[in-house]
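One structure is given here, and the rest of the page talks about it.
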Amino acid sequence: MKTFDYIRPASIAEAVAAAAEPGANYLAGGTNLLDLMKGGIARPNRLVDVSRLPGLDRIERLPDGGVRIGALVRNADLAHDPDFAHCYPAIAEALLSGASAQLRNAATVGGNLLQRTRCGYFYDVASACNKREPGAGCDARDGENRLHAVLGWSEACIATHPSDFCVPLVALDAVVEIEGRTGRREVAVEALHCLPGDTPARESALEPGDLIVALRLPGEGSAFSAHQRYLKVRERTSYAFAIVSAAAALRIEQGTIREARLALGGVAAKPWRARAAEQMLQGARPTLDAYRRAAEAALAGAKPSGDNQFKIELAQRIVARALMLAAAGTPARVAALPASPFSTLTGTLIDA
Amino acid sequence: MNLSISLTVNGVRRDIEIEDPRVTLLDLLRERLHLTGTKKGCDRGQCGACTVLLDGRRINSCLALAISHDGADVLTIEGVARGDQLHPLQAAFITHDGFQCGFCTPGQIMSALGLIREGQAGDDPERVREGMSGNLCRCGAYSGITEAVLEVQKSLVETNQRRSA
């Protein structure tokens, strides 16, 4: 690991000033950043440790019924907050389906939003990667790419965004509060991450020094709490990134879907909101046929970026199944294997 | 750069000078405090061999910078037994053959301690397996590990019931 200066600012203003310098990185939980630094992928000159900044570790209810989550709230604490998990069960389930218990205890809400892709070529400094080194090329294009993007990718980059948490956040219109050199502003999580285009090294809407201080969920999001699920297919039952995932939330009245929210994970460089599919579901009867048509719409425009044609149909099936499970109703308690379509106990195959 | 931190490790306060901010909590425990029970497996947060309790919660000590945790309370495998008296989890790992080579065992036991404190798994084997998924065992002693954790969970539940009765 390259050496660095270590700074622990006492206030948000100090932090922003210290991190605006070139080569500076924020450190919070460190679960992604230290791994990247050990591999030589991230090489900051300066770490600005924000893990003790006061006031950023609270979960607050807002007057509109929404919730405001400080950027330093730990993933595990948010997932196990009873009030939060009751209002936003798909988000709690997504959090619990990610990483391991040890990592969820350390990882923060703000850091999770900014975690980097898990593309193996991004991680291997001997490989060409336009994200790591602009203009170097992309070894993933002709490499092991069965897990890469099927939506929104470019010739320059076919990496996916790995977060589970962000998928239901995007579906439920979450917003981040950002403190920067010019003051505070807000950005929808849907607009936080960038598609690669010709500049895959630019991953988010953040400017130098920008610090995510909080995440906010609007009150109307909790109107979906009775019918929402997160479903994730991975290559082993637990402690693995999504091959594809889907967050589905429905508002059902008198046997009709009044409003639908749908987003996909593991398919693009950002969590993928499927608005056309949502519109198709609005006013529809909650039937498998409607879910399948919505799933086709959600993947409209998808194309393989390599040996990953299978992900398109897999994603459609996961979308349809997430909608089916959401319509069946949010379970009283998160499943033993959160977000998993499988169970290791015999006789309980459909755990999710 | 000279940096000074203080940690409470297994109940004992330690003041430590660290010359380099890159020192992880794992390396500090092993190289500076000579507490080599905490193992370095992958050193990248994937195997769980380095699990310790930091302020009462299980974390991967390989992904924690020591400097960032000034003032923290750390419990390692060396602080789990009381003298020669094994912690019930340690005894249960022996009873249930919860290990073979033993390399992952300190991490498994610290993780199981964290799991029990979190109180989310109860006596459900599937929740215990899921809750322990951050600890790999290349010998494949998983069934013994799960049985050991379940046994301790069960005896804790019974103890609590007796207390509240």
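The values are calculated or read from the model by the stated rules, or taken from the named source; none is laboratory data. Please read these numbers as outputs of a predicted model, since none were measured by experiment. Don't worry about glycine lacking a Cβ; one is built from the backbone with ideal geometry, like all the others, and counts go over all protein chains shown.
Give me the residue from region B:55-79 that is hydrophobic (A, V, I, L, M, F, W, C) and within 9 Å of the chain's Cα centre (by Cα) and, out of that set, surrounded by the fewest Cβ atoms within 10 Å (Cβ to Cβ). Break it down into steps so the answer makes sense when it comes.
Residues of region B:55-79 hydrophobic (A, V, I, L, M, F, W, C): B:59, B:62-67, B:72, B:74-75, B:77.
So of that shortlist, the ones also within 9 Å of the chain's Cα centre (by Cα) come out as B:59, B:75, B:77.
Values: B:I59: 33, B:L75: 20, B:I77: 23.
Among those that are hydrophobic (A, V, I, L, M, F, W, C) and within 9 Å of the chain's Cα centre (by Cα), it is B:L75.
Going by what's in this entry, would A:E179 be described as surrounded by fewer than 24 Cβ atoms within 10 Å (Cβ to Cβ), charged (D, E, K, R) and over 23 Å from A:E207 (Cβ atoms)?
Working: surrounded by fewer than 24 Cβ atoms within 10 Å (Cβ to Cβ): yes; charged (D, E, K, R): yes; over 23 Å from A:E207 (Cβ atoms): no.
For A:E179, the condition - surrounded by fewer than 24 Cβ atoms within 10 Å (Cβ to Cβ), charged (D, E, K, R) and over 23 Å from A:E207 (Cβ atoms) - is not met.
Conditions tested, residue by residue: (1) outside any strand (DSSP E or B); (2) touching a Gly at 6+ places or on another chain (Cβ under 6 Å); (3) at negative phi.
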| residue | (1), (2), (3) |
| --- | --- |
| A:L195 | yes, yes, yes |
| A:P200 | yes, no, yes |
| A:P208 | yes, no, yes |
| A:A223 | yes, no, yes |
| A:T237 | yes, no, yes |
| A:A249 | no, no, yes |
| A:R261 | no, no, yes |
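With respect to the numbered conditions (1) at pLDDT 95 or above; (2) farther than 28 Å from A:R118 by Cβ; (3) among the hydroxyl-bearing types (S, T, Y), which one is the sole condition not fulfilled by A:T348?
Only one criterion in (1) at pLDDT 95 or above; (2) farther than 28 Å from A:R118 by Cβ; (3) among the hydroxyl-bearing types (S, T, Y) is unmet by A:T348, namely (1).
State which residue pairs qualify: first residue in contact (Cβ under 8 Å) with a residue 60 or more places away in the chain and inside region A:1-28, second residue part of a strand (DSSP E or B) and acidic (D, E) in any location, beta carbons under 6 Å apart, and separation of 6 or more residues or different chains.
Partner pairs satisfying both residue conditions: A:I12/A:E179; A:V16/A:E179.
Filter region B:83-110 down to the residues that are of a type in the set (S, T, N, Q) and not in a loop (DSSP other than H, G, I, E, B), then identify the one that is farthest from B:G56 (Cα to Cα).
Filtering region B:83-110 down to residues of a type in the set (S, T, N, Q) leaves B:85, B:90, B:95, B:100, B:105, B:108.
Those left that are additionally not in a loop (DSSP other than H, G, I, E, B): B:85, B:90, B:95, B:105, B:108.
On the way: B:Q85: 21, B:Q90: 18, B:T95: 26, B:T105: 19, B:Q108: 15 Å.
Once the filter is applied, the top-ranked residue is B:T95.
How many residues does region A:100-118 hold that are more than 20 Å from A:D81 (Cβ to Cβ) and in contact with a strand residue (DSSP E or B) (Cβ under 9 Å, 6 or more places away or on another chain)?
Here is the first cut: in region A:100-118, the ones more than 20 Å from A:D81 (Cβ to Cβ) are A:114-118.
Checking the rest, the ones that are also in contact with a strand residue (DSSP E or B) (Cβ under 9 Å, 6 or more places away or on another chain) come to A:114, A:117.
Number of matching residues: 2.
Quickly run through region B:63-82 and pick out the residues that are within 8 Å of another protein chain (Cβ to nearest Cβ) and either closer than 19 Å to B:F103 by Cβ or not in a strand (DSSP E or B) (or both). Lay out the reasoning, then the answer.
Step one: of region B:63-82, the residues within 8 Å of another protein chain (Cβ to nearest Cβ) are B:63-65, B:67-68.
The answer is B:L63, B:A64, B:I67, B:S68.
Taking A:C194, is it closer than 27 Å to A:K303 by Cα and more than 16 Å from the chain's Cα centre (by Cα)?
On the way: closer than 27 Å to A:K303 by Cα: yes; more than 16 Å from the chain's Cα centre (by Cα): no.
For A:C194, the condition - closer than 27 Å to A:K303 by Cα and more than 16 Å from the chain's Cα centre (by Cα) - is not met.
Which condition from (1) more than 21 Å from the chain's Cα centre (by Cα); (2) closer than 19 Å to A:V176 by Cα; (3) in a helix (DSSP H, G or I) is the one that A:A18 breaks?
The single condition A:A18 does not satisfy is (2).
Quick check on region A:46-67. Is at least one of its residues crowded, with 17+ Cβ neighbours inside 10 Å, assigned to a loop (DSSP other than H, G, I, E, B) and within 12 Å of chain B (Cβ to nearest Cβ)?
Within region A:46-67, one or more residues are crowded, with 17+ Cβ neighbours inside 10 Å, assigned to a loop (DSSP other than H, G, I, E, B) and within 12 Å of chain B (Cβ to nearest Cβ).
Quick one: A:K232 ticks every box in (1) buried (at least 21 other Cβ atoms within 10 Å of the Cβ); (2) among the basic types (K, R); (3) farther than 21 Å from A:Y88 by Cβ bar one, so which box is it?
(3)
Would you check which residues across region B:1-43 are of a type in the set (D, E, K, R) and surrounded by 14 or more Cβ atoms within 10 Å (Cβ to Cβ) and list them? So that I can check it myself, show each step before the final result.
Initially, region B:1-43 is screened for residues of a type in the set (D, E, K, R), giving B:13-15, B:17, B:19-20, B:22, B:27, B:30-32, B:39-40, B:43.
Across region B:1-43, the qualifying residues are B:R14, B:D20, B:R22, B:D27, B:R30, B:R32, B:K39, B:K40, B:D43.
Go through region B:36-48 and report how many residues are touching a residue at least 24 places away in the same chain (Cβ under 8 Å) and within 11 Å of chain A (Cβ to nearest Cβ). Give the derivation first.
Taking region B:36-48 and keeping what is touching a residue at least 24 places away in the same chain (Cβ under 8 Å), we get B:37-39, B:41, B:46-48.
In the following step, the residues that additionally are within 11 Å of chain A (Cβ to nearest Cβ) were identified as B:46-48.
So the answer is 3.
Of the residues in region B:111-123, how many are surrounded by fewer than 22 Cβ atoms within 10 Å (Cβ to Cβ) and either free of Cβ contacts under 8 Å to residues at least 40 places away in the same chain or facing another protein chain (nearest Cβ under 8 Å) (or both)?
Taking region B:111-123 and keeping what is surrounded by fewer than 22 Cβ atoms within 10 Å (Cβ to Cβ), we get B:116-120, B:122-123.
Restricting the remaining residues to those that are either free of Cβ contacts under 8 Å to residues at least 40 places away in the same chain or facing another protein chain (nearest Cβ under 8 Å) (or both) gives B:118-120, B:122-123.
Counting residues in region B:111-123 that are surrounded by fewer than 22 Cβ atoms within 10 Å (Cβ to Cβ) and either free of Cβ contacts under 8 Å to residues at least 40 places away in the same chain or facing another protein chain (nearest Cβ under 8 Å) (or both) gives 5.
Answer with yes or no whether B:E17 is more than 23 Å from A:R8 (Cα to Cα), modelled with pLDDT of 95 or more and more than 15 Å from the chain's Cα centre (by Cα).
So B:E17 does not fit the description; no.
Looking only at region B:124-153, which residues are within 12 Å of another protein chain (Cβ to nearest Cβ) and not in a helix (DSSP H, G or I)? Outline the logic, then answer.
Step one: of region B:124-153, the residues within 12 Å of another protein chain (Cβ to nearest Cβ) are B:124-136, B:142-143, B:146.
Across region B:124-153, the qualifying residues are B:D124, B:M132, B:S133, B:G134, B:N135, B:L136.
So that you can scan it fast, the table gives a plain yes or no per residue for (1) without any contact (Cβ under 8 Å) to a residue 24 or more places away in the chain; (2) out of contact with any Ser or Thr (no Cβ under 6 Å at 6 or more places or on another chain); (3) surrounded by 22 or more Cβ atoms within 10 Å (Cβ to Cβ):
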{"site": "A:N105", "(1), (2), (3)": "no, yes, yes"}
{"site": "A:V109", "(1), (2), (3)": "no, yes, yes"}
{"site": "A:F122", "(1), (2), (3)": "no, yes, yes"}
{"site": "A:E144", "(1), (2), (3)": "no, yes, no"}
{"site": "A:W153", "(1), (2), (3)": "no, no, yes"}
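Of the residues in region A:80-91, how many are crowded, with 24+ Cβ neighbours inside 10 Å and either assigned to a helix (DSSP H, G or I) or among the basic types (K, R) (or both)?
3
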